[in-house]
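The values are calculated or read from the model by the stated rules, or taken from the named source; none is laboratory data. Because the structure is predicted, anything quoted here is derived from the model rather than measured. Note: ideal-geometry Cβ built from the backbone for every residue, glycine included; neighbour counts use all protein chains shown.
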């Protein structure tokens, strides 16, 4: 159990900080609300009006979200590979090459389908 004590302490500290931040924010934060802050978007772009009762969300939104997830997963797999590169040897190099080819095929597919073009 003593091996896990620093991890548990760090987890408790992180959870305490998160709870503290959520509880203290409404008390200490500014309370100046205006139309721009209460709007759905704060990017400065006027949102297109949605039909009454909601409406369809563009599939493009979900495709971009999935692309983000794919490239996040790629980074998650590349970092440990880079750290343990010396001990993996040829097996690790070949496995990472196969992984990169797979990700590149997905990237090329999305590129050819126009998924990276911003309207």
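Quick one: what pairs do we get from the stretch 100-112, first residue more than 19 Å from residue 75 (Cβ to Cβ), second modelled with pLDDT under 85 and surrounded by 14 or more Cβ atoms within 10 Å (Cβ to Cβ), C-beta under 9 Å, 6+ apart or different chains?
109/115
Touching a helix residue (DSSP H, G or I) at 6+ places or on another chain (Cβ under 8 Å), modelled with pLDDT under 80 and assigned to a loop (DSSP other than H, G, I, E, B): which single residue out of 52, 42 fits that description?
On the way: 52 fails: touching a helix residue (DSSP H, G or I) at 6+ places or on another chain (Cβ under 8 Å).
Step by step, each of 52, 42 is checked, and only 42 is touching a helix residue (DSSP H, G or I) at 6+ places or on another chain (Cβ under 8 Å), modelled with pLDDT under 80 and assigned to a loop (DSSP other than H, G, I, E, B).
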